[in-house]
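Participant: Questions regarding the structure given below will be posed in turn.
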Amino acid sequence: MSLGELLRNRAISRIRPSRKLAQNTISRARRDVDTAETLVANEKFDWSLAASYNAMLLAGRALMLDRGYRPSSTKGHVAVVNFLHATLGTGISDRMIIVMNGMRKKRHRIIYEEMDIVSKDEAEQAVRWAEEFVNRVDKLIHQTKSLNRRRMNASKSA
């Protein structure tokens, strides 16, 4: 689904870009990665996967906020995944987006349907994926910030 389709379907909407809110959201994502690690150490594997997924969701939302979008209240989680796919594709890598979507579905099962369905290995892998994803998104946000600063400096000297 393209960015235009997401806007037309009202899965996402335009807002004023907010670097500060994006950075705060990345900080919250990092907190969730730390929490997921603690949960693995305490053998709470289901909740660790849920926290890892939440870190990825927050990182995706941070990128949306930085670029001037927000997900709708009714299509929130799916809208973030679709936004990432539409705007980044292989920029973050299709693999990470597929992983995030799979974690979203498993998290749903953990929260609403089943318990004790995540192994230690799966929880540890989820933490690694979440950390990698958060770091990549944070880097993208900083690259956008640097690019915008260079554009501003170029326009001042022109």
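Participant: Would you check if residue 97 is surrounded by 15 or more Cβ atoms within 10 Å (Cβ to Cβ) and under 23 Å from residue 23 (Cα atoms)?
Facilitator: Taking the combined requirement at face value, the residue satisfies it.
Participant: I'm checking my understanding of the structure. Among residues of the range 120-158 that are at pLDDT 95 or above and more than 21 Å from the chain's Cα centre (by Cα), which one is surrounded by the fewest Cβ atoms within 10 Å (Cβ to Cβ)?
Facilitator: Only one residue fits best here, namely 121.
Participant: Can we say residue 99 is over 16 Å from residue 132 (Cβ atoms), assigned to a helix (DSSP H, G or I), of a type in the set (Val, Ile, Thr) and in contact (Cβ under 8 Å) with a residue 12 or more places away in the chain?
Facilitator: Here the answer is no, as residue 99 does not meet what is asked.
Participant: Another one. Would a scan of the range 89-104 turn up a residue that is touching a strand residue (DSSP E or B) at 6+ places or on another chain (Cβ under 9 Å) and at negative phi?
Facilitator: No, that holds for no residue.
Participant: When the range 67-87 is examined, which residues are found to be over 12 Å from the mean Cα position of the chain (by Cα) and under 15 Å from residue 141 (Cα atoms)?
Facilitator: If the condition is that a residue be over 12 Å from the mean Cα position of the chain (by Cα) and under 15 Å from residue 141 (Cα atoms), then 67, 68, 69, 87 are the ones that fit.
One line per residue, one yes/no per condition, for (1) surrounded by fewer than 24 Cβ atoms within 10 Å (Cβ to Cβ); (2) of a type outside the set (S, T, N, Q):
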site: 56; (1), (2): no, yes
site: 62; (1), (2): no, yes
site: 69; (1), (2): yes, yes
site: 72; (1), (2): yes, no
site: 80; (1), (2): no, yes
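Participant: If you don't mind, another one. Report whether or not residue 6 is touching a residue at least 60 places away in the same chain (Cβ under 8 Å) and touching a Lys or Arg at 6+ places or on another chain (Cβ under 7 Å).
Facilitator: no
The values are calculated or read from the model by the stated rules, or taken from the named source; none is laboratory data. Computed from a predicted structure; not experimentally measured. Counting neighbours? That spans all protein chains shown, and the Cβs are built from the backbone with ideal geometry, glycine included.
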